[in-house]
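Heads up, the thing below is written out as structure tokens.
Here, each number is a calculation from the coordinates, and none is a lab measurement. Predicted model only: the values in this text are computed from it and were never measured. Here the Cβ positions follow ideal geometry from the backbone for every residue, glycine too, while neighbour counts run over all protein chains shown.
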Amino acid sequence: SEISIDFIVDLPPTKSTGSTNVMVITDRLSKSVILEAMTDITAETTAKTVAKCLVQHHGLPRGVVTDRGPQFTSHLWRHLCRLLRVQQRLSTAWHPETDGATERANQ
């Protein structure tokens, strides 16, 4: 399967954890969505959250489409995708339709 990952940021803090960001993971075939509240969206936290929310329950995707955010262009993220043999595709700048399913879920 192939997934898309995006973030909704700067939301009001949650009462339980104070999280102000939500990671949105969308299966590009089934259109199912996983939402995960996050306090920060660094490359390390993003990788850990993907492992916890997605890989642990659904297995490794064949590919992942993301925007060009710093967490996805980082050495850590690129190395992780290479190690796990997950094809990384970055959406074109100013062309969010590349990641359309996740962008629609964010709305």
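Quick one: Karplus J couplings for segment 55-61, per residue in order, coefficients 6.51, -1.76, 1.60, θ = phi - 60°, nearest Hz, x for Gly and Pro?
4, 4, 9, 10, x, 6, x
May I ask you to derive the relative contact order of the chain, considering only C-alpha pairs under 8 Å and at least 6 residues apart, and to give it as an integer percent? Let's see the in-between values first.
Working: 180 pairs, mean separation 30.3, N = 107.
Normalised by residue count, the contact order of the chain is 28 percent.
Go ahead and set up a Gaussian network model of the chain, Cα springs under 10 Å, then flag whichever of Pro70, Pro61, Pro12 fluctuates most.
The residue with the greatest mean-square fluctuation here is Pro12.
Given N residues in segment 2-100, what is Rg(Cα) / (2.2 N^0.38 Å)?
Details: Rg = 13.0 Å, N = 99, 2.2 N^0.38 = 12.6 Å.
Computed over Cα atoms of segment 2-100, the ratio equals 1.03.
R0 = 25 Å: FRET efficiency of Lys31 with His79, Cβ-based, nearest 0.05? Walk me through the numbers before you get to the answer.
Numbers: r = 29 Å, r/R0 = 1.17.
Efficiency for this residue pair is about 0.30.
Net charge near Lys48: determine it from the other residues with C-beta under 14 Å of the C-beta of Lys48, scoring Lys and Arg +1 and Asp and Glu -1. Write down the numbers at each step before the final one.
Numbers: positive: Lys52; negative: Glu36, Asp40, Glu44.
Result for the neighbourhood of Lys48: -2.
Which residue, Val24, Val55, Pro12, has the largest displacement toward the positive end of the dipole of the chain when charges sit on each Cβ (Lys, Arg +1; Asp, Glu -1)?
Val55
For segment 78-93, take each phi angle, set θ = phi - 60°, evaluate the Karplus expression 6.51 cos²θ - 1.76 cosθ + 1.60, and give the result in whole Hz per residue in order, putting x for glycine and proline.
Per residue, the Karplus-derived 3J(HN,Hα) values read 4, 5, 4, 4, 5, 4, 8, 6, 9, 6, 9, 10, 9, 5, 6, 4 Hz.
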